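Worksheet: the structure to be examined is printed underneath.
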Amino acid sequence: MIRCQREFWKTPEPVPNNSIDPKWKWFKNCLRALDETYIRIQVPEIDKPKYKTRKKEIATNVLGVCSQDMQFIYVLPGWKGSAHYGRVLRDVVTRRNGLKVPRGNYYLVDAGYFNGKGYKQGQPETRIAQEVSRNVIEDLLIA
């Protein structure tokens, strides 16, 4: 396990009420976006079924949370590719040093996650905001 010094990690700041950022102005009090990505790996033949994704690739599942300027706030690597998003998120929130959500704030998540206290799917009232939400989440770990 690699331990990073605190200087390398950014503390999440909620989107302010007066934000004019075209991507984030729709998401007041949002601490930013959370998503997972797959990283292809090689494992012994006997372990391949556990790491097989729904697209039949052998991969590990990595959950990441990025700030507005694409700096990592939280990363959880190592889940098997077959693990469901909800299961990985449940693990993140129950860990001693897991992802914490201050009262009144939330993380933006895609439809693969549950809508719950501290986690909201990007479905604001307007179609423009829905499209922005989808783009923000899809761009999260690609940059």
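What the table shows:
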| item | result |
| --- | --- |
| Highest average packing first - 97-104, 54-61, 28-35, Cβ atoms within 10 Å | 28-35, 54-61, 97-104 |
| Sites residue 47 and residue 19 - FRET efficiency at Förster radius 35 Å, r taken between beta-carbons, to 0.05 | 0.20 |
| Exposure rank, largest accessible area first [26, 79; 1.4 Å] | 26, 79 |
| Residues residue 115 and residue 28, FRET efficiency given R0 of 25 Å [Cβ-Cβ distance, rounded to 0.05] | 0.90 |
| Partner lysines for residue 117 [C-alpha distance under 27 Å; skip if fewer than 8 residues away on the same chain] | 10, 23, 25, 28, 80, 100 |
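The values are calculated or read from the model by the stated rules, or taken from the named source; none is laboratory data. Worth saying up front: this structure is predicted, and the values here are computed from it rather than measured. Every residue, glycine among them, receives a Cβ derived from its backbone with ideal geometry; neighbour counts consider all protein chains shown. The protein model used for the area step is the full one, side chains on, heavy atoms only, and it has no ligands, DNA or RNA in it. Shrake-Rupley method; radii C 1.70, N 1.55, O 1.52, S 1.80 Å.
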